[in-house]
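Trainee: This is the structure, below, for whatever I ask next.
The values are calculated or read from the model by the stated rules, or taken from the named source; none is laboratory data. Being a predicted model, the structure only gives us computed values, none of them experimental. Side chains included, ligands, DNA and RNA excluded: accessible areas come from the protein's heavy atoms. Shrake-Rupley method; radii C 1.70, N 1.55, O 1.52, S 1.80 Å.
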Amino acid sequence: MLLPLQPVKKNGVYKSSLKTRLKALTSNAIYGVDNTGNVRVWAAEQCLLHTILHVDSFRERFVNKHVLELGAGLSGLCGLGISVLDLCSSVHITDGHPLCVKNIEVCISLKEAIEEMKQSTYVKALQLKWGSLEDLQVAKDSVKAVREICP
């Protein structure tokens, strides 16, 4: 299965179709959200996950918590990484772009296939577009939660 917007391999070389490139360029017009999160895994996400994995005092803050990752982008790396630790009760990984959410769903499926025999943390991918007052309340609650975790 090919991930959305993933180039196709032809004669040993990866090439993306014109349709794929145009879709990426016009993402904002098509989906109402830009495509920056579907470009790559960002260094900040890698750094945060590295910190969670290697700093005991930070990792312990996730025990039995419900985690919400906002703007997870291409793979939801941080949320998936946290879920693999099996410390938290659940992880909800969100992004505003529907193709990011599809990518994250594929990543979750792969994670679940690998962990088939193991009890694991509940993980779900959801589309969350910012723009309404309800979204602002989620953001406010999220910032409050982050401040509690990282005083």
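Trainee: For His54, His92, His66, give me the order by solvent-accessible area with a 1.4 Å probe, most accessible first, ignoring ligands, DNA and RNA.
Mentor: From most exposed to least exposed: His66, His54, His92.
Trainee: Rounded to two decimal places and with Rh computed the Kirkwood way over Cα pairs, what is Rg over Rh for region 26-84?
Mentor: Result for region 26-84 is an Rg/Rh of 1.08.
Trainee: What are the residues whose amide H is under 5 Å from the amide H of Val123, where those residues sit 5 or more places off or on another chain and H is modelled from the backbone?
Mentor: Val91
Trainee: Same structure again: Going Cα to Cα from Lys129, which aspartates and glutamates come in below 18 Å? Please leave out same-chain ones fewer than 8 positions away.
Mentor: Asp34, Glu69, Asp95, Glu105, Asp141
Trainee: To the nearest 10 square angstrom, what accessible area does Glu105 show with a 1.4 Å probe?
Mentor: Accessible area, nearest 10 Å²: 90 Å².
Trainee: Using the heavy atoms of the protein chains alone and a 1.4 angstrom probe, what is the accessible area of region 22-111 per residue in square angstrom?
Mentor: Normalised by residue count, the accessible surface of region 22-111 is 50 Å².
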